[in-house]
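Reviewing the structure listed below.
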Amino acid sequence: MAEIDINKLSITEIDQITCFNNADQLEFIMDEIQEGSINNTQEKSDITGRGGRKIGSLKKNKGVTVSATNGVLVGGALAAQTGSTVEQGKFKVRKPEIVVVKSNKATLTGTPVGTTGAEIGYAYIKNPSGSLGKSYEQNATADATGQFAYSEKELTFFAGDIPDGTEIAVFYDEEVTAAKISNDSEHYSKVLKMYIDVTCQDVCDNVYHGQFIINRADFNGEFELSMGGDPTVHAIEAESLAGGCSGSTALWDFIVY
């Protein structure tokens, strides 16, 4: 079998990062990686002799930190950073909605959930400037000014209280089918097995596949999700741990094939 020469090798691309838990179940795949690094450190103390001359060194505390930035959010990676799971099911969200009054009534697009008779609570006049003004309180019958009743997506205001064409703002809880990740204060970032797949090329233009294997990647729970003018990117960081159930002292293995 011919040996693979890795003495003149370039890593041209990070293909993907995959992580698995102790049961070997897939936690997440990151495959839109913009940039990444594997930072290797160690401590070194000088050993000195006569006249303070350096006669050796004491080396200890090797460390490896992996960092990467992905072009899109990855739910499983968020779960790894927060120590949670991605839940699928029905969850409540707070929905804002603007409706228009006609003949003392207005119709919602969503379905409020909550205590009967208090599903919405309050409705607000939308001012021409966009701010919210006078509030109206939910009531079972809306038999007095300043009140409204709700039934089957329809709001009914006290007769003559609000002119036709007036915009009303409401806020209510609605049940949706969704995915949910929770950042629980009692759960912390995970330790996972990480594989970093890369594309390599030597000076003779031979292309190889490379894989960094980190048996115990301890994810950092400190991260930022920036939102605004630029698209949100997803940055991760994890520290390689030695030992564990495998007894391995390797911080990473790099396999080129």
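The values are calculated or read from the model by the stated rules, or taken from the named source; none is laboratory data. These numbers were taken from a predicted model, which means no experiment stands behind them. Cβ placement follows ideal geometry from the backbone for every residue including glycine, while neighbour counts extend to all protein chains displayed.
Some values worked out for this structure:
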| item | result |
| --- | --- |
| Residues that are surrounded by 11 or more Cβ atoms within 10 Å (Cβ to Cβ) and in a loop (DSSP other than H, G, I, E, B), drawn from the stretch 226-242 | Thr232, Val233, Leu241, Ala242 |
| Among (1) crowded, with 16+ Cβ neighbours inside 10 Å; (2) in a loop (DSSP other than H, G, I, E, B) - the single one Asn7 does not satisfy | (1) |
| Residue satisfying condition, being touching a residue at least 24 places away in the same chain (Cβ under 8 Å), out of contact with any helix residue (DSSP H, G or I) (no Cβ under 7 Å at 6 or more places or on another chain) and of a type in the set (Gly, Ala, Ser), within set Ala217, Ala179 | Ala217 |
| Of all residues making up the stretch 96-116, the number that are of a type outside the set (Gly, Ala, Ser), buried (at least 18 other Cβ atoms within 10 Å of the Cβ) and not in a loop (DSSP other than H, G, I, E, B) | 2 |
| Checklist (1) in a loop (DSSP other than H, G, I, E, B); (2) modelled with pLDDT under 95; (3) not hydroxyl-bearing (Ser, Thr, Tyr) applied to Glu119, failing item | (2) |
| Test: residue in the stretch 202-214 that is within 30 Å of Gly130 (Cα to Cα), touching a Lys or Arg at 6+ places or on another chain (Cβ under 6 Å) and not in a strand (DSSP E or B) | no |
| Every residue from the stretch 11-52 that is surrounded by fewer than 10 Cβ atoms within 10 Å (Cβ to Cβ) and at pLDDT 95 or above | Ala23, Asp24, Gln25, Thr41 |
| Residues located in the stretch 148-171, provided they are part of a loop (DSSP other than H, G, I, E, B) and of a type in the set (Gly, Ala, Ser) | Ala159, Gly160, Gly165 |
| The one condition in (1) in the same structural domain as His187 (by TED's automatic domain parsing); (2) of a type in the set (Asp, Glu); (3) free of Cβ contacts under 8 Å to residues at least 60 places away in the same chain that Asp15 fails to fulfil | (3) |
